[in-house]
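Let me begin by presenting the structure, written as structure tokens, before commenting on it.
Bear in mind that the values in this text are calculations on the coordinates, not laboratory data. Keep in mind that this is a model prediction, so the values were computed, not measured. Note that we place each Cβ from the backbone using ideal geometry, even for glycine, and neighbour counts take in every protein chain shown.
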Ligand code: MN
């Protein structure tokens, strides 16, 4: 009886909260001064929470019910379901990839070798990512991705798009929506993009590389 009740409860709970707000791997002020506590609280606690809530409203009863966010991103056509699933996937990857500057560690050998091979050096890679972010017009994302042959590329997505839809594995993402930098940097978004390099958790990034 208890087991039945418990499993019913778990099923109902799972159904109600199919998609959940990821827990940050650092305190909300842990990325200061690059990203303020205020920005994290809005970006994670309000913007990402809204995308998660939207998805939980849109998916039940649709043909995507029971699918992972990554599967919805692959399958949904342009529209609210794709946009919200894309933004949930984007922000999970985004918030997971940072570390407080005090705990920053240089990239490991496998990642450094891959970056050197595909971009000719870590500084060239960072400059190309930063420039690509500066060139996003309006809301969008810049991603370091791996294609199906393991080549590393920099691609841009508009709106809430994720390159996973095109068969490209997202490795490192820069959020180019104003909500990610405007509060802290006003018109100087380049300072925000350049500051991000001081809080990248390269271990997380290396683990996302294809084997
Ligand atoms: Mn965002």
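Here are some notes:
- Order by protection proxy (mean Cβ within 10 Å, highest first), peptides 81-91, 174-184, 44-54: 81-91, 174-184, 44-54
- Cβ-Cβ FRET estimate between residue 65 and residue 24, R0 fixed at 22 Å, reported to 0.05: 0.20
- Nearest-0.05 FRET efficiency for residue 53 and residue 118, computed from C-beta distance (R0 25 Å): 0.10
- Of the residues 23, 142, 99, the one that moves most in a GNM of the chain with alpha-carbon contacts below 10 Å is 23.
- Working from Cα pairs under 8 Å separated by at least six residues, relative contact order for the chain is 23 percent.
- Kirkwood-Stokes translational diffusion coefficient of the chain, alpha-carbon pairs, 4 °C, 1.567 mPa s, µm²/s: 71 µm²/s
- Axis angle, to the nearest 10 degrees, between helix 122-134 and the longest C-alpha principal axis of the chain: 60 degrees.
- Virtual spin-label span in nm between residue 151 and residue 186, 7 Å along Cα→Cβ: 4.3 nm
- Dividing the helix sum by the residues of the chain, where each DSSP H run of 4 or more adds -39500 (n - 2.57), gives a mean residue ellipticity at 222 nm of -13500 deg cm²/dmol.
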